[in-house]
Number of protein chains: 4
Amino acid sequence: MAHTTRDKEKLIARVRRIKGQVASLEQSLVEEHDCTAILQLIASCRGAINGLMSVVVEGHIREHVIDPDHNPSPQQTEAAEELIAILKTYMK
Amino acid sequence: MAHTTRDKEKLIARVRRIKGQVASLEQSLVEEHDCTAILQLIASCRGAINGLMSVVVEGHIREHVIDPDHNPSPQQTEAAEELIAILKTYMK
Amino acid sequence: MAHTTRDKEKLIARVRRIKGQVASLEQSLVEEHDCTAILQLIASCRGAINGLMSVVVEGHIREHVIDPDHNPSPQQTEAAEELIAILKTYMK
Amino acid sequence: MAHTTRDKEKLIARVRRIKGQVASLEQSLVEEHDCTAILQLIASCRGAINGLMSVVVEGHIREHVIDPDHNPSPQQTEAAEELIAILKTYMK
């Protein structure tokens, strides 16, 4: 089972929070809140999207690039973990 | 009038497109699409949020940091434009 | 006096540390260190460059976009500080 | 042979160009060039470091995470290529 299926409920919960953040952002624009409040809402949406990306990329590497059913060598597993650690600094 | 008010309709249209993208992403998770399709949808949402951020930051600099009613000097206007140009490469 | 002149010694010290990091990276490639060590060195260089960018952009906003000799309004100063806070999350 | 060994000359040439860019940046600070010129040099260094990171990450995925000697399945190869395509948009 793919990680996006196994972790389906958690991922959907994350996406629903992002939906809520985007709805707040829309509301702020409609109600003409000040620019700073709007910038902060956009920055929050971006942070949430980046967090989701990081989680899905991590699952993608661990389950699809490294396939646990394909007997990955310890070197491959280590290379995957190192890659994940480095990518996390990019996806913040 | 603030840029987020003057450009209100355009900004709201952008946010509504993002809402649509986040809804597609939710749907893909619910329907258990494959991980790559999901990664691409997340990357699209991120691109759209970054594009929105870039536009709002640009307006914020031109209208709030540089205040056109405060007689900015040509040096300030130039410094603002240079800042905007550099930030665009970060917010892609 | 421009911030890059006033803070000249600190900025040069930062750039010299970056030079040292890039020299270590070159050495690692010459000596055929493993890929992970090389990735970590590149990530360190990137972090150091981003830190430098953040500091110089901050000075640029505070002294050139907002010109302290041009009697910025409290609103402009506040808008500049908000911009700096948001940009810091991008330049990490 | 690891990709950082096989592509050693090309990678070293890239790192030497970065060294040259960092040296120019140092010189600009020493000579008190204006802030915009300095910002542009920092942005160029950052672009060059990101380009190098992207190349090394790509090699890391293709040779260490996916190990060509470990008979990767077509699905793994495809998952790796999709990951590389998505990461390229992050490492620009």
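Inter-copy label distances at B:His70, using a point 7 Å along Cα-to-Cβ, come to 0.9, 5.7, 5.7 nm with the shortest given first.
Between this copy and the others, label points of C:Lys8 are 4.2, 5.1, 6.5 nm apart in ascending order, each placed 7 angstrom from Cα in the Cβ direction. Here segment A:45-84 is scanned for amide nitrogen atoms under 11 Å from the site 7 Å beyond the Cα of A:Lys10 along Cα-to-Cβ, giving A:55-56, A:59. The ellipsoid equivalent to the alpha-carbon distribution of chain A has semi-axes of 35, 15, 5 angstrom, derived from the gyration tensor eigenvalues as √(5λ) and listed largest first.
Across chain C, the relative contact order, built from alpha-carbon pairs under 8 Å that are at least six residues apart, equals 32 percent. The GluC sites (Glu not before Pro) of segment C:52-92 include none that DSSP puts in a loop with a beta carbon having at most 11 other beta carbons within 10 Å. Using the alpha-carbon centroid of each, what span in Å lies between segment B:27-64 and segment C:24-77? The distance from the Cα centre of segment B:27-64 to that of segment C:24-77 comes to 25 Å. Using equal-weight Cα scatterers in the Debye expression, the normalised intensity of the protein assembly as shown in log10 at q = 0.09, 0.13 Å⁻¹ is -0.59, -1.10. Sorted shortest first, the separations between the D:Val30 label point and its copies elsewhere in the assembly read 2.1, 6.0, 6.3 nm; each point sits 7 Å from Cα along the Cα-to-Cβ line. Can you give the net charge of the other residues whose Cβ lies under 11 Å from the Cβ of B:Lys92, counting K and R as +1 and D and E as -1? With Lys, Arg at +1 and Asp, Glu at -1, the net is +3.
Where a number appears in this text, it was derived from the coordinates with a stated rule and is not lab data. Remember, it's a predicted structure, so these values are computed and weren't measured experimentally. Please note: Cβ atoms are built from the backbone with ideal geometry, for glycine as well, and neighbour counts cover all protein chains shown.
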